[in-house]
Amino acid sequence: MKSYKVFKSELLKNKEIKKAYDELGPEFLVIEKLIERRLKNGLSQNDLAQRVGTKQSAISRFESGSYNPTISFLYKVADALDTRLKITVS
């Protein structure tokens, strides 16, 4: 099984994917950090979903970037991963 970083590196070799990734950088950064934390904690998407009180499919959609989560959802995910979510506006 490929690691997330290897998979991401391979995807970003595609110029169209790289351009879209750069344009959505902040959104992808949040997703990336939460995926890294989930994997570091040894949790499956289903494990995380149970902790959050949602379905595995919701976690999958969030991690794939096809779901526009609420701030409340992000806080629930961060809490379930024993991490902090810090949002700033400057």
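Between LYS8 and SER72, the contour length at 0.36 nm per residue exceeds the alpha carbon distance by 20.4 nm. Placing unit charges on the Cβ atoms only, positive for Lys and Arg and negative for Asp and Glu, gives the chain a dipole magnitude near 160 debye about its Cα centre.
Think of the chain as having a plus end and a minus end, set by charges on the Cβ of Lys, Arg, Asp and Glu; of SER3, LEU74, SER64, SER3 sits farthest toward the positive end of this dipole.
Per-residue Cβ neighbour counts within 10 Å put SER64, SER90 in the sequence SER90, SER64, beginning with the fewest.
Per-residue Cβ neighbour counts within 10 Å put ILE35, ILE87 in the sequence ILE87, ILE35, beginning with the fewest. Fewest-first ordering of VAL52, VAL6 by other beta carbons within 10 Å of each residue's beta carbon gives VAL6, VAL52. Working ranking of peptides 77-84, 10-17 by packing, defined as the average number of other Cβ atoms within 10 Å per residue, highest first, is 77-84, 10-17.
Among the listed values (i) 1.22; (ii) 0.97; (iii) 1.15, the one computed from these coordinates for Rg/Rh (Cα atoms, Kirkwood Rh) is (ii).
Each reported figure results from applying straightforward, stated rules to the coordinates on display, with no laboratory input. Here the structure is a predicted model, which is why all the values come from computation and not from measurement. For neighbour counting, all protein chains shown are included, and Cβ atoms are generated from backbone atoms with ideal geometry for every residue, glycine included.
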